[in-house]
Amino acid sequence: MKLGIIKERKNPPDRRVVLTPKRCKKLLKKYPKLSIKVESSDNRFFTDEDYVNQGVMVVDSVSDCDVLLGVKEVPIEYLIPNKKYFFFSHTIKKQPYNRKLLQAILANNIEMYDHEVIVNEKGMRLVAFGRYAGIVGAYNGFRTYGLKYSTFKLPKAEDLHDQLMLIHELQQIQLPNIKVVLTGKGRVGNGAKEMLKGMRMREVSVKEFLNESFSESVFVQIDVLDYNKRKDGKTKNQQDFFDNPSEYESNFMRFANVADMYIACHFFGSGSPYIFTREDAKNENFNIKVVADISCDIDGPVASTIRPSTIAEPIYGYNPKTEKETNFKNKDAIAVMAVDNLPCELPKDASEGFGESFSKYVIPAFFNNDNDGVLERARMTQNGKLTERFNYLQDFVDGE
């Protein structure tokens with residue numbers, strides 16, 4: 001089995017990698033029949049020399065490898081026909097900007113495995129960068145707060161080495177007694193919570209958050225039944241919300257009226273009610289002035305997120321009255337941080353975490369005849385056609 005780690009060629013280049021040098025060394029020791037080659041690159045967090053030092057071969061071409069591993073989409077002109085590829089193709093939701101990529105994958109007889117659909121029997125994702133999006137997004141949220149009110153200055157996350165350094169910086173700041181509301185209890189939400197705990201912010205209950213005043217900064221982590229309620233007033237379980245989202249309406253305003261900052265880490269399902277609307281944001285009792293939208297659904301459940309922002313320019317202002325973009329320092333503006341590729345700012349930690357999962361769940365499948373069906377579930381294309389599981393993309397491929 002010959003694995004090739006490809007150079008990231010999407011612009012701007014991603015500094016993350018599927019397997020770190022140390023992870024490669026461990027795998028080569030564990031699997032005698034495995035060989036790994038790394039395509040030379042000057043963009044990665046881990047240098048060519050880092051790989052060579054761990055006994056991994058660095059080459060100019062990985063075209064003789066069986067399986068090619070990347071993070072972001074491979075530009076069409078760099079696809080090598082008749083290979084197996086792993087990367088985030090961003091096509092499974094029929095994203096129009098990548099239609100040509102999926103067409104090219106099929107035309108080149110490429111066997112495509114998308115990281116996003118590497119799941120277990122229950123459909124739970126096995127490899128993901130979500131935790132690191134939460135970690136960086138929460139940090140960026142506080143950086144945004146400091147810049148909006150000119151109270152403190154945090155360095156950019158991309159200029160710091162790892163999560164511990166981010167937490168160290170957060171521990172140095174003096175926050176007023178603000179209230180922070182955090183939506184989501186999955187990988188992303190819990191990654192954000194790690195940072196709030198790391199900076200020693202006090203967690204309070206929903207009841208305390210809504211009804212009490214504090215002499216210190218506090219946060220509450222809420223789930224779907226905290227910020228949504230059934231329209232008929234009945235109380236049911238969480239599964240009912242996922243099964244019947246149209247029967248629910250948002251109950252978030254009770255948090256928005258008392259919170260100063262909102263960190264959005266929820267998963268937004270089709271048919272779910274918006275968390276807060278443009279009309280909600282116009283309400284004179286709407287108190288939130290900083291939104292760190294890690295979920296980053298544009299023109300969706302978080303009304304102030306009207307576009308994604310970038311690592312270079314992470315913050316913009318949203319004027320609720322005009323529903324337009326404005327300077328985020330304006331008194332009436334909601335400062336929005338909506339970077340849509342947050343884990344890129346923490347390439348070392350993100351690569352280490354991702355590589356650990358990939359080595360645990362995917363690599364063994366190459367050697368045990370895919371006992372657990374991991375590869376079968378993640379295989380999008382084979383022999384120039386979509387696999388059965390991904391047949392729903394045929395009309396997308398056909399341009400319909």
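The values are calculated or read from the model by the stated rules, or taken from the named source; none is laboratory data. All of these numbers come straight from a predicted model, not from anything done at the bench. For neighbour counting, all protein chains shown are included, and Cβ atoms are generated from backbone atoms with ideal geometry for every residue, glycine included. The area values use the complete protein model at the heavy-atom level, side chains included, leaving out ligands, DNA and RNA. Shrake-Rupley method; radii C 1.70, N 1.55, O 1.52, S 1.80 Å.
Are there trypsin sites (Lys or Arg not before Pro) in segment 1-93 that DSSP puts in a loop and that have at most 16 other Cβ atoms within 10 Å, and which ones?
On the way: sites: LYS2, LYS7, ARG9, LYS10, ARG15, ARG16, LYS22, ARG23, LYS25, LYS26, LYS29, LYS30, LYS33, LYS37, ARG44, LYS72, LYS83, LYS84, LYS93; in loops: LYS7, ARG9, LYS10, ARG15, ARG16, LYS33, ARG44, LYS72, LYS83, LYS93.
Listed in order of number, the matching sites are LYS10, LYS33, LYS93.
Measure up LYS231/LYS331; LYS37/LYS156; LYS22/LYS122; LYS236/LYS282; LYS7/LYS94 against 29 Å on the Cα-Cα distance and list the ones that go over.
Working: LYS231/LYS331 35 Å; LYS37/LYS156 33 Å; LYS22/LYS122 31 Å; LYS236/LYS282 31 Å; LYS7/LYS94 25 Å.
In this structure, LYS231/LYS331; LYS37/LYS156; LYS22/LYS122; LYS236/LYS282 exceed 29 Å between Cα atoms.
Remind me, relative contact order of segment 87-245 in percent, using alpha carbon pairs under 8 angstrom and six or more residues apart?
Numbers: 161 pairs, mean separation 29.9, N = 159.
After rounding, I find 19 percent.
Over the C-alpha atoms of segment 117-175, what are the Rg and the largest Cα-to-Cα span, Dmax, in Å?
Using the Cα atoms of segment 117-175, the pair Rg, Dmax is 15.3, 49 Å.
If you look at just the Cα atoms of segment 264-327, how large are its Rg and its Dmax in Å?
Over segment 264-327's Cα set, Rg and Dmax evaluate to 11.7, 33 Å.
Cα centroids of segment 304-339 and segment 65-95: how far apart, whole angstrom?
Comparing the Cα centres of segment 304-339 and segment 65-95, I get a distance of 33 Å.
For the chain, calculate the relative contact order in percent as a whole number, restricting contacts to Cα pairs under 8 Å that are 6 or more residues apart.
On the way: 800 pairs, mean separation 73.6, N = 400.
Reported relative contact order: 18 percent.
Any idea what the relative contact order of segment 240-352 is, in percent, if you count C-alpha pairs under 8 Å spaced at least 6 apart? Mind showing how you got there, number by number?
Details: 202 pairs, mean separation 25.0, N = 113.
RCO, segment 240-352: 22 percent.
Could you state the number of Å between the C-alpha centres of segment 341-369 and segment 126-200?
After rounding, the separation between the Cα centres reads 23 Å.
Starting at the first residue of segment 106-112, write each ³J(HN,Hα) from the Karplus equation 6.51 cos²θ - 1.76 cosθ + 1.60 with θ = phi - 60°, in whole Hz, x for Gly and Pro.
Once rounded to whole Hz, the list reads 5, 5, 8, 6, 8, 8, 9.
Based only on Cα atoms, what mean projected area does the convex hull of segment 1-90 have, in nm²?
Details: hull surface 22.5 nm².
Average projection, Cα convex hull of segment 1-90: 5.6 nm².
Can you give the % of DSSP beta bridges in the chain that are antiparallel, to the nearest 5?
Working: 14 of 51 bridges.
The antiparallel fraction comes to roughly 25 percent.
Restricting to segment 1-152, compute how many DSSP beta bridges are antiparallel as a %, nearest 5. If you can, show how the numbers build up before the last one.
Working: 1 of 18 bridges.
Among the beta bridges of segment 1-152, antiparallel pairing accounts for roughly 5 percent.
For segment 199-313, give the share of DSSP beta bridges that are antiparallel, in percent and rounded to the nearest 5; count only bridges with both residues there. Could the numbers behind the result be given before it?
On the way: 3 of 10 bridges.
So the antiparallel bridges amount to about 30 percent of the total.
Order the following by accessible area, largest value first: ASP240, ASP260, ASP332. Probe radius 1.4 Å; ligands, DNA and RNA are ignored. Could you put the intermediate results ahead of the total?
Values: ASP240 20, ASP260 40, ASP332 75 Å².
Listed by decreasing accessible area, they come as ASP332, ASP260, ASP240.
Which of the lysines could a cross-linker span from LYS229 if the Cα-Cα distance has to be under 18 Å and same-chain partners fewer than 8 positions apart are dropped?
Once the sequence-local lysines are set aside, what remains near LYS229 is LYS185, LYS207.
I need the shape label for segment 115-228. Rule: rounded when a/c is under 1.5, else prolate if a/b > b/c, else oblate, with a, b, c from the alpha carbon gyration tensor. It would help to have the intermediate numbers written out before the result.
Details: a/c = 2.60, a/b = 1.25, b/c = 2.08.
Because a/c hits 1.5 or more and a/b fails to exceed b/c, segment 115-228 counts as oblate.
Two decimals, Cα atoms only, Kirkwood Rh: what is Rg/Rh over segment 266-400?
1.12
With a cap of 16 neighbouring Cβ atoms within 10 Å, and only residues DSSP puts in a loop, list the trypsin sites (Lys or Arg not before Pro) found in segment 303-371. Provide the component values of the computation, followed by the final result.
Working: sites: LYS321, LYS324, LYS329, LYS331, LYS348, LYS360; in loops: LYS321, LYS329, LYS331.
Within segment 303-371, the qualifying trypsin sites (Lys or Arg not before Pro) (loop, at most 16 other Cβ atoms within 10 Å) are LYS321, LYS329, LYS331.
Could you give each residue of segment 285-300 its phi-based ³J(HN,Hα) in whole Hz, using Karplus coefficients 6.51, -1.76, 1.60 with θ = phi - 60°, and x for Gly or Pro?
After applying 6.51 cos²θ - 1.76 cosθ + 1.60, I find 8, 5, 9, 5, 10, 9, 10, 9, 8, 6, 5, 6, 8, 6, 6, x Hz.
Taking the chain as the reference, fit the longest principal axis to its C-alpha atoms, fit the long axis of helix 187-198 to the helix C-alpha atoms, and give the angle between the two in degrees, 0 to 90, nearest 10.
The two axes meet at around 60 degrees.
Give a residue-ordered list of calculated ³J(HN,Hα) values for segment 325-337 (Karplus: 6.51 cos²θ - 1.76 cosθ + 1.60, θ = phi - 60°; whole Hz; x for Gly, Pro).
6, 8, 5, 5, 7, 4, 4, 8, 7, 8, 7, 10, 10
Heavy atoms only, probe 1.4 Å: what % of the accessible area of the chain goes to carbon and sulfur, would you let me know?
45
Per Stokes-Einstein, at 25 °C and 0.890 mPa s, what whole-number D in µm² s⁻¹ belongs to segment 177-296, with the Kirkwood radius over Cα pairs as the hydrodynamic radius?
Values: Rh = 14.8 Å.
Here the translational diffusion coefficient equals 166 µm²/s.
For segment 193-291, which chymotrypsin sites (Phe, Trp or Tyr not before Pro) pass both filters: DSSP loop (anything but H, G, I, E, B) and at most 15 other C-beta atoms within 10 Å?
Passing sites in segment 193-291 are PHE214.
Mind putting together the pair-distance distribution for the chain? All Cα pairs, 20 Å bins, whole percent per bin, short to long.
Reading the bins upward from 0: 26, 53, 21, 0.
Ignoring ligands, DNA and RNA, what accessible area per residue does segment 227-309 give at 1.4 Å, in Å²?
On the way: 3830 Å² over 83 residues.
Per residue, segment 227-309 has 46 Å² of solvent-accessible surface.
Which length gain, in nm to one decimal place, applies between SER40 and ASP370 when the Cα-Cα distance is subtracted from 0.36 nm times their residue separation?
Once the chain is fully extended between SER40 and ASP370, it gains 115.8 nm.
Which of ASN53, ASN369, ASN327 ends up with the largest GNM mean-square fluctuation for the chain, with Cα atoms connected below 10 Å?
Highest fluctuation among the options: ASN369.
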